[in-house]
Amino acid sequence: MDNKIKISAAVLIVLACFYMYDRSTQNQYHDNFIKIFNFDHSKINKIIITKNNDGIELEIVDTMWKINGHDSLDVKQNSIDKFFDTTVNVKRSSISISENAKDLSIYSLDDSSSVQLIVLNATGDTLGKGIFGINKNNYLSNYYKSFENNKIYKTDSNILSFLTVNSRYWGETPKTDVADSTNIELPIPTTNQ
């Protein structure tokens with residue numbers, strides 16, 4: 001019996017050592033994420049979002065965000081907050097998925113299905129820009145590539161729902177004050193017989 005216990009203990013120790021070695025080698029393959037928009041976000045003065053041949057521009061005018069070409073809409077603060085809280089804080093994987101230009105359509109990064117984002121400062125200088133595509137297998141993340149090359153990366157979160165060219169997502173019709181209808185006296189109809 002003593003021999004069986006010694007053999008079992010030795011096998012257990014070997015398995016534990018193998019597990020610790022395997023775990024340490026797997027940690028080196030853990031993907032690190034790098035911030036895409038690495039600049040002072042308070043410097044953003046203009047946001048340009050394009051998809052296909054459609055686009056939208058948001059700009060700070062007299063300390064208020066405005067939608068260029070849609071003067072009748074007030075910008076929804078909630079949409080701007082989501083942009084600053086989520087979109088400009090997105091990160092990409094440190095290891096590229098592909099560098100082949102033929103793969104752009106697979107990752108929705110071609111001209112017909114991608115969304116382009118450009119952010120500018122008050123003087124019109126580009127602070128950051130990127131091209132984003134949807135991950136059709138995992139809606140928790142997107143694909144990203146820069147304008148400069150064809151390296152494709154995975155993002156750490158899905159930001160495409162915040163990068164829409166729909167003006168109704170970004171703005172709403174201003175609320176006007178409506179007179180209180182409870183205090184209006186209506187004439188009582190009379191019947192002539």
State all residues of segment 104-155 that are among the polar types (S, T, N, Q) and in contact with an Asp or Glu (Cβ under 8 Å, 6 or more places away or on another chain); if no residue qualifies, say none.
-> Ser141, Asn149, Asn150
Cross-chain or 6+ apart pairs with Cβ under 8 Å, segment 106-128 first and free of Cβ contacts under 8 Å to residues at least 24 places away in the same chain and under 30 Å from Thr63 (Cα atoms), then assigned to a strand (DSSP E or B) and of a type in the set (A, V, I, L, M) | Thr126/Ile118; Thr126/Val119; Thr126/Leu120
Of all residues in segment 38-51, which are open to solvent by 60 Å² or more (accessible area, probe 1.4 Å) and part of a loop (DSSP other than H, G, I, E, B)?
-> Asn38, Asp40
Positions within segment 95-134 being among the aliphatic types (A, V, I, L, M) and more than 14 Å from Lys46 (Cα to Cα), in sequence order = Ile95, Ile97, Ala101, Leu104, Ile106, Leu109, Val115, Ile131, Ile134
Of those in segment 138-154 that are in a strand (DSSP E or B) and not hydroxyl-bearing (Ser, Thr, Tyr), the residue nearest to Phe33 (Cα to Cα) is Lys154
Condition set of a type in the set (Ser, Thr, Tyr) and at pLDDT below 85, scope segment 162-193, selection farthest from Trp65 (Cα to Cα): answer is Thr191
Out of all the residues in segment 85-134, which are in a loop (DSSP other than H, G, I, E, B) and either open to solvent by less than 10 Å² (accessible area, probe 1.4 Å) or among the hydroxyl-bearing types (Ser, Thr, Tyr) (or both)?
-> Thr86, Val90, Ser94, Ser96, Ser105, Tyr107, Ser108, Leu109, Ser112, Ser113, Ser114, Thr123
Going through segment 67-79 in order, the residues found to be surrounded by fewer than 15 Cβ atoms within 10 Å (Cβ to Cβ) and in a helix (DSSP H, G or I) are Gln77, Asn78
Among residues of segment 52-66 being farther than 13 Å from Ile80 by Cα and open to solvent by 80 Å² or more (accessible area, probe 1.4 Å), the residue modelled with the highest pLDDT is Asp54
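The values are calculated or read from the model by the stated rules, or taken from the named source; none is laboratory data. Because the structure is predicted, anything quoted here is derived from the model rather than measured. Backbone-built Cβ (ideal geometry, glycine too); neighbour counts: all protein chains shown. When the accessible area is computed, the model is the full protein with side chains, heavy atoms only, and any ligands, DNA or RNA have been set aside. Shrake-Rupley method; radii C 1.70, N 1.55, O 1.52, S 1.80 Å.
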